[in-house]
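Below is one structure, written out as structure tokens; comments come after it.
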């Protein structure tokens, strides 16, 4: 999961010291984030899941956001893919490993009754975020 548009240094993996490079990433797990940051974290994951599902034909099911294992697997996969897409990693064997691991990741995503559909599931997703204490970002 990439948060490269964030330029305030938050959650970059370091202490913010002058000699430490910033990775521009947020954590792979939402717990410990402030309510508004949680909302942003899940919004980015939603966008990542939509893109990953299309790109890799992942069998994502409705309600994936309620299953901690699926959330962690999807966040990790999104971060993994982002590192290759951004050029941060240039490791063909590693990319092949990612592609081979898609089948194993797919097994983690099969829980649920209905296939994930962005248009139908958006309201349930937002409701869940509110239920777990996320705070929508201010519109401006």
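Of the set (1) closer than 20 Å to residue 28 by Cα; (2) without any contact (Cβ under 8 Å) to a residue 60 or more places away in the chain; (3) crowded, with 16+ Cβ neighbours inside 10 Å, all apply to residue 69 but (3).
Each row is one residue, and each column tells you yes or no for (1) modelled with pLDDT under 70; (2) closer than 19 Å to residue 80 by Cβ; (3) crowded, with 18+ Cβ neighbours inside 10 Å; (4) touching a helix residue (DSSP H, G or I) at 6+ places or on another chain (Cβ under 7 Å).
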position: 8; (1), (2), (3), (4): yes, no, no, no
position: 17; (1), (2), (3), (4): yes, no, no, no
position: 20; (1), (2), (3), (4): yes, no, no, no
position: 35; (1), (2), (3), (4): no, no, no, no
position: 39; (1), (2), (3), (4): no, no, yes, yes
position: 45; (1), (2), (3), (4): no, yes, yes, yes
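Residue 123 falls short on exactly one of the conditions (1) outside any loop (DSSP other than H, G, I, E, B); (2) at pLDDT 95 or above; (3) touching a helix residue (DSSP H, G or I) at 6+ places or on another chain (Cβ under 8 Å), and that condition is (3). Just so you know, in region 81-97 the residues that are within 16 Å of the chain's Cα centre (by Cα) and over 21 Å from residue 61 (Cα atoms) include one that is surrounded by the most Cβ atoms within 10 Å (Cβ to Cβ), and it is 83. Within region 98-119, being surrounded by 12 or more Cβ atoms within 10 Å (Cβ to Cβ) and either free of Cβ contacts under 8 Å to residues at least 12 places away in the same chain or more than 27 Å from residue 33 (Cβ to Cβ) (or both) holds for 101, 102, 106, 115.
For region 100-120, the set of residues classified as part of a helix (DSSP H, G or I), modelled with pLDDT of 95 or more and touching a helix residue (DSSP H, G or I) at 6+ places or on another chain (Cβ under 8 Å) consists of 102, 105, 118, listed by residue number.
Scanning region 42-65 for residues that are assigned to a loop (DSSP other than H, G, I, E, B) and touching a strand residue (DSSP E or B) at 6+ places or on another chain (Cβ under 8 Å), we see that the one that is farthest from residue 129 (Cα to Cα) is 59.
The values are calculated or read from the model by the stated rules, or taken from the named source; none is laboratory data. These figures come from a predicted structure and were not determined experimentally. Glycine gets a Cβ as well: all are built from the backbone with ideal geometry, and neighbour counts include every protein chain shown.
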